[in-house]
């Protein structure tokens, strides 16, 4: 189908999936908008975090390109915590710890582009967490 | 910079460019949101067509993945003409003729993903146009 219509942050013929099988997270869904073609070997997804929810605190070698499509919240990328809102762009470089949190009173929906072939996310070890928590703002932000 | 903020359909550190150098078009701008990384060899762009404007009628081997970000209009893809509005998804397969037109009273802004390495667009020959115009709806829609 050439055109798939949008309705209420869902799309025709795009199922709403669990965010992921493992890893701690809260109130997140995943939709695959475009799936890696041979000549365009990437996956374009839409994630939605409900108010008060968060994605998994993780890192990996593959990079993320993100555009916020709905709502607002904040993200940790590396050692920066930034408020984010509709249509902001975010680039996550290899091995940067990252986590997205929706506002308490608004969802956070975002487009996220990744390579079709990519490594699995790594969760923080106790040592990683201790390192991250040396920054009080990060200690307060993360939900490991 | 990790986060680039959005403001009025522009982004921090993202210049507004001409749509293209050649080819007939009307009132279209281009912004490159993310530029092909080695591990993610694609380009993610935002195009905006002003009310009454249109992109170039063209085709190419490379595929397009499109998400409408702003406004509304219509598109020709292959032999289908479809009204499109915010957040609709469009996939353009190899060598499908395609053209985007904004509504007369609204802009049409869309995200468009392509491979970093891609062939140049082809414009229609007189024979191609004669073929397209055999369908009266397409004859009426296109702006070659």
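The values are calculated or read from the model by the stated rules, or taken from the named source; none is laboratory data. If you're wondering where the values come from, they're calculated on a predicted model, not measured in any experiment. Don't worry about glycine lacking a Cβ; one is built from the backbone with ideal geometry, like all the others, and counts go over all protein chains shown.
Before moving on, here are some points about what is shown:
- Picking from residues in region A:1-25 that are closer than 25 Å to residue A:58 by Cα and not in a loop (DSSP other than H, G, I, E, B), the one that is farthest from the other protein chains (Cβ to nearest Cβ) is A:18.
- Matching residues, region B:1-16, being surrounded by 12 or more Cβ atoms within 10 Å (Cβ to Cβ) and over 14 Å from residue A:87 (Cβ atoms): B:2, B:16
- Residues (crowded, with 17+ Cβ neighbours inside 10 Å, at the interface with chain A (Cβ under 9 Å from one of its Cβ atoms) and more than 13 Å from the chain's Cα centre (by Cα)) located in region B:71-95: B:87, B:88
- Contacts under 7 angstrom Cβ, first residue in region B:31-56 being within 11 Å of chain A (Cβ to nearest Cβ) and in a loop (DSSP other than H, G, I, E, B), partner modelled with pLDDT under 95 and crowded, with 21+ Cβ neighbours inside 10 Å, 6 or more apart: none
- Hits in region B:20-78 (condition: out of contact with any strand residue (DSSP E or B) (no Cβ under 8 Å at 6 or more places or on another chain) and at pLDDT below 95): B:21, B:22, B:24, B:37, B:38
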